[in-house]
Amino acid sequence: MSEKSRNILAIVMLLLLAGSAFVAGYFTNDFIELQTGGTLVRQRQEFDVFWEAWDRIQESFIGDLPSAQARTYGAIRGSMADLNDPYTVFIEPVARAEERQSLQGTFGGIGALLSRPEEGGPIILEPIPGNPAEKAGMRLGDVLLAVDGVEISPDVSVTAVRDMVRGEKGTVVVLTVIHEGETEPVDLEIVRDDILDPSVSYRLIGDDSTIGYIRLARFSGESSKEVADAITDLQSQGATRLILDLRNNGGGLLNAAVEVADHFLSEGPILFQVSRDEGEREYKATSATLAPDMPLVVLINGGTASASEIVAGALQDRDRATLIGDHQSYGKGSVQLVYDLSDGSSVHVTSARWFTPDHHQIDQQGLQPDILVEVTQEGLENGRDEVLNRAVDFLQNESK
């Protein structure tokens, strides 16, 4: 590479890195000194060691060298890795274009819940009744092996698998699974479609039908009203105790989470949001509440994330509910801003984090159940919901 070409490439890379540092609020102090007023010349001087190292690589490396674009993207990713935040990420142009399309609502799903009950374990599937996955033959407890022939290894996140499963409505995705109790894998051809999944479902359970069970699948604009209607209806049917099931609830709208928590809390904090620009902001419950005193259990698992962790964390810290689950919650308690860059790529930057009323950080830590339930193979094989059963037993025998 000529000296002129190298200098031009250096300036391009530095401008990209400087732009990323500006939108993120910081990059790394040793890499780019925007926060201390360093000039572009100063930044180029500090970047000389990069080219010093790269010259040695060009002279000696036996394999193929990456393109200038690949080096640029690698430099950005390497710098972002030093932030130690899994949600501050760099997205290349092709992936960003797909992301934009998905946000336009043209993509569909298969109608199944994905969870990883044990860290490093397999992803377990649960079809939602009446949706494409169930119609294609998916069964409760299926173990996912591959998506369109791509093996799902233990280091592939549930979020990444969800992105692989999603696609344009009317297209086919092939899931390779093993049915519970069987040994041979099968391929399920599933046609993506709009998913029928009510935000809230509820019923009376327990030996004496005095326990109201409410499952909240996500936090949408209608969730607060739907939960309120469920509480009111269950109370009218004779419910004196409640179970709120937030398992596999991946979150949703912040305001919806605050409003749902408000149904069970009277005044006081629900959460604190800490951001770089605004500092700490407190979200409070109002004096109007539907169920301020009813004994309450909240069910959580590794799929309980984001807005659902806000609700569970608030109810736990305020001693309003007992958390029961087979795993700690996911640990997604942050807000990301998305900045599109000039080449079609983007950076997602964590700009705020959520804390429970006792100022416990949700992000990357999650919530621990007050009562940890060990889910047995026997229970799975017999279709027993051991976490729910433990919650019913707790309300009937221990919460009085």
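A few remarks follow.
- Computed from the Cβ-Cβ distance with R0 of 25 Å, the FRET efficiency linking ARG276 to VAL89 stands at 0.90.
- Rounded to whole Hz, the Karplus (6.51, -1.76, 1.60) HN-Hα couplings of the stretch 243-250, x for glycine and proline: 10, 10, 9, 10, 5, 6, 8, x
- For the stretch 111-134 and the stretch 176-244, distance of Cα centres in Å: 14 Å
- Sorted on the mean count of surrounding Cβ atoms within 10 Å across their residues, most packed first, peptides 319-332, 61-74, 239-252 read 239-252, 319-332, 61-74.
- Of all DSSP beta bridges confined to the stretch 144-250, the antiparallel ones make up roughly 75%.
- Normalised convex hull volume, the stretch 103-191, alpha-carbon set, Å³ per residue: 93 Å³
- Phi to ³J(HN,Hα) by Karplus 6.51 cos²θ - 1.76 cosθ + 1.60 over the stretch 292-299, Hz, x for Gly, Pro: x, 10, 4, x, 9, 10, 10, 9
- With a simple spin-label model that places each label point 7 Å from the Cα along the Cα-to-Cβ direction, the separation between ALA81 and VAL338 comes to 2.5 nm.
- SER275 sits among other residues whose Cβ lies under 15 Å from its own Cβ, and their net charge, with Lys and Arg +1 and Asp and Glu -1, is -3.
- Close amide H contacts of ILE362 (hydrogens built in the peptide plane, cut-off under 5 Å, sequence separation of 5 or more or a different chain): TRP354, THR356.
- The string of couplings for the stretch 217-234 from the Karplus curve (6.51, -1.76, 1.60, θ = phi - 60°) is 7, 6, 10, 10, x, 9, 4, 4, 5, 5, 5, 4, 5, 5, 4, 4, 5, 5 Hz, one whole number per residue in order, with x for Gly and Pro.
- THR88 long-range amide H proximity, modeled H, under 5 Å: THR350
- For SER115, residues with placed amide H under 5 Å, excluding near neighbours: ILE124
Throughout, read-outs are computed from the coordinates displayed, never taken from laboratory work. In this text the structure is predicted, and so the values were computed from the model without any measurement. No Cβ is skipped: glycine too gets one built from the backbone with ideal geometry, and neighbour counts run over all protein chains shown.
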